[in-house]
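To start, the structure under review is shown below, and the notes come after it.
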Amino acid sequence: MRVEIPNGDDSPHLRINLKVNGQSVDTSIEPRELLLDFLRDRLGFTGAKRSCDVQVCGTCTVLLDGRPVSACCTLAYEARDRELLTIEGLAKGDELHPLQQSFVEQTALQCGFCTPGMILTAKSLLEEISHPTRQQIQRYLKGNLCRCTGYWNILVAVEQAARRLQPEGQSESPA
Amino acid sequence: MLRPFEIHEPGTVEEASVLLAQFGFDAAIYAGGTELLLIMKEGLAHFPHLVNIKTIPGLDEIALSTEGDELQIGPLATHWELERSPTVKKHAPLFAEVESQVANTRVRAMGTIGGNLCFAEPHSDPATLLLAWGATLELSSADAQRQLPAADFTLGMFETARQPDEILTRIRLPLLSENTAGAYRKFSTHERPMATVAALLEVKDGMIEHARLAVGSVGPVPIRASEAEGLLRGQGAEEAAFSTAGELAASASDPIDDLHGSAEYKRHLVRVLTTQALEQAAKRAVGAVNEG
Ligand SMILES: Cc1cc2nc3c(=O)[nH]c(=O)nc-3n(C[C@H](O)[C@H](O)[C@H](O)COP(=O)(O)OP(=O)(O)OC[C@H]3O[C@@H](n4cnc5c(N)ncnc54)[C@H](O)[C@@H]3O)c2cc1C
Ligand code: FES
Ligand code: FES
């Protein structure tokens, strides 16, 4: 994918390469460009949302080399030569990711504004700890706020997804 | 939209320092950016030149000194790494424990220990702990290097002893002796802590030989509660006057009224958290001696 430089701007540009949802992107950015604007306005990935804009709410969460970051307060420059995963990159065609499936089944969302961030943060957690305790899930998701669900169903959905991704008793990588 | 700036990518500490000297107040060191970008977004500061020190190799290393007596932490180690580092967990478990409680998952993934200390935001967990611990900070410029006790580094709210062309290049954490144990307590209602207390106790033959106590987040800078420390010296570890020490720490702390809470409430918290931290540190110290 090639994305062209917006016109009429005198600030310096940098050429960068990165991968977004498995696809390589070769583009120019301005150093001041925030990752969230880059993803939403330039690449059209609008799953990450802007809400608090100060790293508190987590609606803008994306995974940068597998780690959750706040796209609202991260420069697009940081994604150079790295891999980004947004919520758009999670399903395989029509087949939902186990986390997405569990969120649907457990009604772990109402308005859905927090959901991309919740799911991506949970994905990062489950990659590190395949069967987290309730407390570990709470700690990991502490910075992702939800104004609708009351959190309970989210915790249940993450636990269900953990079981689906790796049924208990199957070989687990040592902690 | 942020105002335009240029990003510089030095390959060495010397190069970074030269850039900082050259651009003066127009430049800022850029590490994880979790604080810097916030103030730039809010329009509280503008820097036409950001010096990205992440392009300098080695500044994120975490290792034991060759003498094996201290943990040396590169300023670019993120909270995420410090929380998980097997070296930190093995040699300074209390530090790993505190790091795991900093901010939220995303801030921990990007934010560095160096950025936390150099920004000198008053609500800092590591600053409180490192003060009690007696850590040393290494500051480097193009032609000089100096070592500064953590106690002399933070001067005030958002103010440190760092010169504009200096880079924090290492945090040196002496390993605790076998009969020393510590504990950490914090309380928050918002994202950042409202009160933080770190306690370290050295216990010999059941007696407290040495107590180190730091209180942070309630006022502009973390402070040592030396009167409380003095009171505990020589007392039995299991029956020491921890609650009196808590009261002394509370009156030594100089809390301010702010969004987090009233000064009165914070003083109350300091008293309670200090007592709890001391009790836990004593348990751990006595436990360590019994095990050893
Ligand atoms: C939402 C939120 C919650 C938080 N909660 C907590 C909390 O609970 N407890 C806590 O302790 N902290 C908390 N923090 C602070 C967090 O720890 C810091 O934001 C982070 O560690 C800063 O590191 P950074 O690399 O992003 O710094 P940057 O933003 O890159 O830099 C910060 C400042 O330090 C300077 N600087 C950076 N590195 C160096 C260096 N090596 N030498 C000299 N100067 C340098 C920069 O020029 C800048 O002025 C929170 C922050 C946020 C945004
Ligand atoms: S919008 Fe980024 S954390 Fe809230
Ligand atoms: S579902 Fe509405 S904010 Fe979480």
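The values are calculated or read from the model by the stated rules, or taken from the named source; none is laboratory data. The model shown is predicted, which means the values in this text are computed figures rather than measured ones. Positions of Cβ are backbone-derived with ideal geometry, glycine not excepted, and every protein chain shown enters the neighbour counts. Please note that ligands, DNA and RNA were not included when accessible areas were found on the heavy atoms of the full protein model with its side chains. Shrake-Rupley method; radii C 1.70, N 1.55, O 1.52, S 1.80 Å.
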Averaged over all viewing directions, the convex hull of the alpha carbons in region A:14-89 casts a projected area in nm² of 4.2
Distant-in-sequence amide H partners of B:ILE29 (H built 1.01 Å from N, under 5 Å): B:VAL51
In Å², nearest 100, what accessible area do chains A and B bury in total when the solvent probe is 1.4 Å? 2700
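In square nanometres and to one decimal, what's the mean projected area of the convex hull around the Cα atoms of chain B?
Details: hull surface 60.3 nm².
Mean orientational projected area (chain B, Cα hull): 15.1 nm².
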Roughly speaking, what is the centre-to-centre gap between region B:48-94 and region A:23-93 when only Cα atoms are used, to the nearest Å? 26
Quick one: order A:LYS92, A:LYS19 from most to least accessible surface, probe 1.4 Å. A:LYS92, A:LYS19
With the solvent-accessible surface defined on protein heavy atoms using a 1.4 Å probe, which residues belonging to region A:13-44 display a reduction of at least 30 Å² in accessible area in the multichain context relative to the isolated chain? A:PRO31, A:ARG32, A:LEU34
Which residues qualify? For B:THR160, with a placed amide H closer than 5 Å and at least 5 residues away or on another chain, they are B:LEU155
Could you go through region A:69-77 in sequence order and give the Karplus-derived ³J(HN,Hα) for each residue, using 6.51 cos²θ - 1.76 cosθ + 1.60 with θ = phi - 60°, rounded to whole Hz, and x for Gly and Pro? 10, 8, 5, 5, 10, 10, 6, 4, 3
Jot down the radius of gyration and Dmax of region B:192-247, Cα atoms only, both in angstrom. 12.0, 39
Charge sum, other residues only, whose C-beta stays under 9 Å from B:ARG212's C-beta, Lys/Arg counted +1 and Asp/Glu -1: -1
Which whole-Hz couplings ³J(HN,Hα) result when phi for each residue of region B:70-85 is put into the Karplus expression 6.51 cos²θ - 1.76 cosθ + 1.60, θ = phi - 60°, listed in order with x for Gly and Pro? 8, 8, 10, 10, x, x, 8, 4, 7, 4, 4, 5, 5, 5, 9, 4
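So what is the diffusion coefficient of region B:35-161 in µm² per second by Stokes-Einstein at 37 °C and 0.692 mPa s, using a Kirkwood Rh over Cα pairs? Each step should come with its number before you reach the end.
Details: Rh = 15.5 Å.
D = 211 µm²/s.
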Would you grab the residues whose amide H sits under 5 Å from the one on B:ILE62? Only those 5+ places off in sequence or on another chain, please, with H modelled 1.01 Å from N. B:GLY74
Once you compute Rg and the Kirkwood Rh from C-alpha atoms, what is the Rg to Rh ratio for region B:144-292? 1.01
Compute, for A:ARG42, the solvent-accessible surface of its heavy atoms (probe 1.4 Å) with the complete set of protein chains present, and express it in square angstrom to the nearest 10. 50
Apply the Karplus curve 6.51 cos²θ - 1.76 cosθ + 1.60, θ = phi - 60°, to the phi angles in region A:116-123 and return the couplings in whole Hz, x for Gly and Pro. x, x, 4, 5, 5, 5, 5, 4
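If you filter region B:117-197 for GluC sites (Glu not before Pro), then keep DSSP loop positions with at most 12 other Cβ within 10 Å, what is left? It would help to have the intermediate numbers written out before the result.
Numbers: sites: B:GLU138, B:GLU159, B:GLU166, B:GLU178, B:GLU191; in loops: B:GLU166, B:GLU178, B:GLU191.
Of the GluC sites (Glu not before Pro), the ones in loops of region B:117-197 whose Cβ has at most 12 other Cβ atoms within 10 Å are B:GLU178.
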Would you compute, from DSSP H runs of 4+ residues alone, the mean residue ellipticity of chain B at 222 nm, taking -39500 (n - 2.57) per run and dividing by the full residue count, rounded to the nearest 500? -10500 deg cm²/dmol
Using the Cα atoms of the protein assembly as shown, I'd like the radius of gyration and the largest Cα-Cα distance, Dmax, both in angstrom. 23.3, 75
By a straight-distance test (C-alpha under 23 Å), which lysines pair with B:LYS89 as possible cross-link partners, with residues fewer than eight away in the same chain excluded? A:LYS142, B:LYS186, B:LYS283
Sort A:GLU127, B:GLU97 by accessible area with a 1.4 Å probe, largest first. A:GLU127, B:GLU97
At 1.4 Å probe size, with no ligands or nucleic acids counted, give the accessible surface of A:THR107 in Å², nearest ten. 80
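For Cα pairs less than 8 Å apart in space and 6+ apart in sequence, what is the mean separation divided by the residue count of chain B, i.e. the relative contact order in percent?
Working: 656 pairs, mean separation 43.8, N = 292.
After rounding, I find 15 percent.
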Per residue, how much accessible surface does the protein assembly as shown expose to a 1.4 Å probe? Answer in Å², no decimals. 44
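Which order do B:MET207, B:MET40 take when ranked by solvent-accessible area (1.4 Å probe, heavy atoms of all protein chains), largest first?
Working: B:MET207 85, B:MET40 15 Å².
Ranked list, largest accessible area first: B:MET207, B:MET40.
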Number of partner chain Cβ atoms within 10 Å, mean per residue of B:106-117: 4
Round to the nearest 10 and report in Å² the accessible area of A:LYS142, as given by a 1.4 Å probe over the protein chains' heavy atoms. 100
For chain B, share of DSSP beta bridges that run antiparallel, in % to the nearest 5: 85
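Can you tell me, using C-alpha contacts under 8 Å and at least 6 residues apart, the relative contact order of chain A as a whole percent? Mind showing how you got there, number by number?
Values: 295 pairs, mean separation 36.0, N = 175.
After rounding, I find 21 percent.
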Å³ per residue enclosed by the Cα convex hull of region A:98-164: 69
Going by Cα centres, region A:129-148 and region B:163-230 are how many Å apart? 28
Just to be sure I understand: if I project the alpha-carbon convex hull of chain A onto a plane and average over all orientations, what area do I get in nm²? 10.8
If unit charges are put on Cβ atoms (+1 for Lys and Arg, -1 for Asp and Glu) and the dipole of the protein assembly as shown is taken about its Cα centre, the option from A:VAL56, B:LEU139, B:ALA161 lying farthest towards the positive end turns out to be A:VAL56
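Using a 1.4 angstrom probe on heavy atoms only, work out the carbon and sulfur share of the accessible area of the protein assembly as shown in %. Intermediate results must be reported in sequence, preceding the final value.
Values: 10000 of 20440 Å².
Ligands and nucleic acids excluded, carbon and sulfur reach 49 percent.
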Find the eigenvalues of the gyration tensor of the Cα atoms of region B:1-43, then list the square roots of 5 times those eigenvalues as equivalent ellipsoid semi-axes, largest first, in whole angstrom. 21, 11, 9
